[in-house]
Amino acid sequence: MKVLVAAVADHAWVENGCLSLCRTFDSINVDKFPYAIPRMSVALRLLINRLEVGEHKLNISLTDADGQKLMNSEMKINFQLPQVAVPEASFSFVLNGQNVSFQKPGDYVVNIVIDGRVEATVPLYVRQTKGSSNLDIPDRI
């Protein structure tokens, strides 16, 4: 199993098996805490081979430096290859969060764990900046 895409974005969705991302980012700058990000998505695209067909446990979490989880989702996924003869296929997932609250500035990480093994991590840097409100991520619709 290969992670082809692991990203944090303003918005992400899967339509007809296609993963779409809108404005990926790895840092958030805010002038005061606590700060609740109105919306954020964690996007994931995996490449599965024939030996990996079947049920797997997927966990996606956002944690702070102390290991506190701000977002967490566990699910069972069942991979099936398409009917046509292909050696591998890709699968996409999105975890959407609303009003995720950051209590303090710091280094956060999105962990992608499949069957108990960390397959990918995505850093998210939350910084306090004086006099500027969320420079890296403009207001969302």
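If the condition is being surrounded by fewer than 16 Cβ atoms within 10 Å (Cβ to Cβ) and β-branched (V, I, T), then the stretch 6-39 contributes V14, T24.
Looking across the stretch 32-66, the residues that are farther than 18 Å from A120 by Cβ, of a type outside the set (K, R) and more than 16 Å from the chain's Cα centre (by Cα) come down to F33, P34, Y35, A36, L51, V53, G54, E55, A65, D66.
Answer yes if at least one residue in the stretch 115-122 is in a strand (DSSP E or B) and either small (G, A, S) or over 22 Å from F25 (Cα atoms) (or both), and no otherwise. For the stretch 115-122, residues in a strand (DSSP E or B) and either small (G, A, S) or over 22 Å from F25 (Cα atoms) (or both): present. Filtering the stretch 109-120 to residues that are loosely packed, with under 13 Cβ neighbours inside 10 Å and touching a residue at least 40 places away in the same chain (Cβ under 8 Å) leaves D115, G116.
Residue check: is L47 of a type outside the set (G, A, S), out of contact with any helix residue (DSSP H, G or I) (no Cβ under 7 Å at 6 or more places or on another chain) and under 21 Å from I114 (Cα atoms)? So L47 fits the description; yes.
Only a single item in (1) more than 30 Å from T129 (Cα to Cα); (2) modelled with pLDDT under 95 is not met by V14, and it is number (2). The requirement of being over 17 Å from N99 (Cα atoms), touching a residue at least 12 places away in the same chain (Cβ under 8 Å) and in contact with a His (Cβ under 9 Å, 6 or more places away or on another chain) is satisfied by R23.
The values are calculated or read from the model by the stated rules, or taken from the named source; none is laboratory data. Everything quoted here is computed from the prediction, not taken from an experiment. No Cβ is skipped: glycine too gets one built from the backbone with ideal geometry, and neighbour counts run over all protein chains shown.
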